[in-house]
Amino acid sequence: MSDAAPTDELLVSQDGAIARIVLNRPHARNALTFAMYEGLVTQCLRIQEDVSVKALVITGAGEKAFAAGTDIAQFRSFETAEDALGYERFMDRVLGTLERMRVPTIAAIAGACTGGGAAIAAACDLRVATRDARFGFPIARTLGNCLSQGNLKRLSDLIGPARVKDIIFTARLVGAEEALTIGLVGEVVADAAALAARATELATLVAGHAPLTMQATKEGLRRLAEEATAPEGEPQPGDDLILSCYMSRDFREGMEAFLGKRAPDWQGR
C-alpha cells in the first residue's frame, strides 16, 4: 500500500472549526486508490491532533459520485492469501481510524456511493445525501468478493442483517429515499448545492456542542461493536470467508470481466 495520496486526489481544507476532505477523482467517479485510502488515514490522524478542528466533513468531487468503491485495477496484483487478508486489514485500519476520530464526522453524499465509498460513509457519524444518491455493495455481480466481519457489523448496526442480505444478494443500489427510510442516511436534500450548505450547517451545529459528550458517545458505541474483530495482529473472525472469495477463480473472473466491460462467467469456485 502506498504511503500517501497524491494531493490532487485528496483535497483537504479547513474553515474555522470545520475540516473538509474531498475525494477528488471525478473522472473515475472518485474511485479510491490505495494511496487515497492511506492519505485519508494520514489526514484523519492530523486532524485528530489539531484541537482547533471540531467537526469533519467528507465528500466527493463533482455531483456524480461520493465514491464508487476501490479502483478495481488495484486488485490485479492480488495473487496470495496475504494479498487478500492484507487488503482487508488495510481497510479495517482506514475505517477504524475514521471511527476513532474524536470529532463528529459527516459524510456529504451525492450520486454513487458504493463499495469502499459506502464503507467510508457508514463509518462516519452522520450521513446527508442528495435525492439522486445511490448506495450499495454490488459485489455479487461485479467482483465476487465479500465484506469483512467488521464491515458487515457496521452495516448491520445501521440497517439490520435482513436488509444487508437484501442489498448484497440482489446487488441493487438503494435510492436516497429508501436509504432515509431504513436509516442508512439521516437526511436527504434536493441537490449538490443544498448538500454543501446542509453539511456546513450540520458541522457548525455539532462543532458548537460539548466535545466530551460526543467523544464519550462515539467511543462507547465503538466499544460495543468491538466483538466483530480480534486484536490487531491476530487472525480475524471471517478470515476463512475472505480467502474463499479473494482466492477464487470467480474473483479473478469478476475483476477481468468488470475491467473488460463484459458479464462475468461465475463458476462458484
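Taking a sphere under 15 Å around the Cβ of residue 104 and counting the other residues whose Cβ falls inside, with K and R at +1 and D and E at -1, yields a net charge of +2.
Across the chain, the relative contact order, built from alpha-carbon pairs under 8 Å that are at least six residues apart, equals 19 percent.
Partners of residue 54 within straight-line reach, counting lysines whose Cα lies under 21 Å from its Cα and excluding those fewer than 8 residues away in the same chain: 218. Taking a ≥ b ≥ c as the square roots of the eigenvalues of the alpha carbon gyration tensor, segment 32-98 is oblate, as a/c is not under 1.5 and a/b does not beat b/c. Rounded to the nearest 5, the antiparallel percentage of DSSP beta bridges internal to the chain is 25%.
Counting only helical runs of four or more DSSP H residues, what would the 222 nm mean residue ellipticity of the chain come to if each run contributes -39,500 (n - 2.57) and the total is spread over all its residues? Result for the chain, helices only: -14000 deg cm²/dmol. For segment 88-189, what class follows from the C-alpha gyration tensor (a ≥ b ≥ c being the square roots of its eigenvalues): rounded when a/c is under 1.5, otherwise prolate if a/b is larger than b/c, else oblate? Cα axes put segment 88-189 in the oblate bin. On a per residue basis, the convex hull of the C-alpha atoms belonging to the chain measures out at 124 Å³. Highest mobility in the GNM of the chain, judged by mean-square fluctuation with C-alpha springs under 10 Å and restricted to 25, 100, 222, is found for 222. Taking a straight Cα-Cα cut-off under 23 Å and skipping sequence neighbours fewer than 8 places away in the same chain, the lysines within cross-link reach of residue 165 are 153.
No value in this document is a laboratory result; all are computed from the given coordinates. The structure presented is a predicted model; accordingly, all values stated were derived computationally and were not measured. Neighbour counts run over all protein chains shown; Cβ positions are idealised from the backbone, glycine included.
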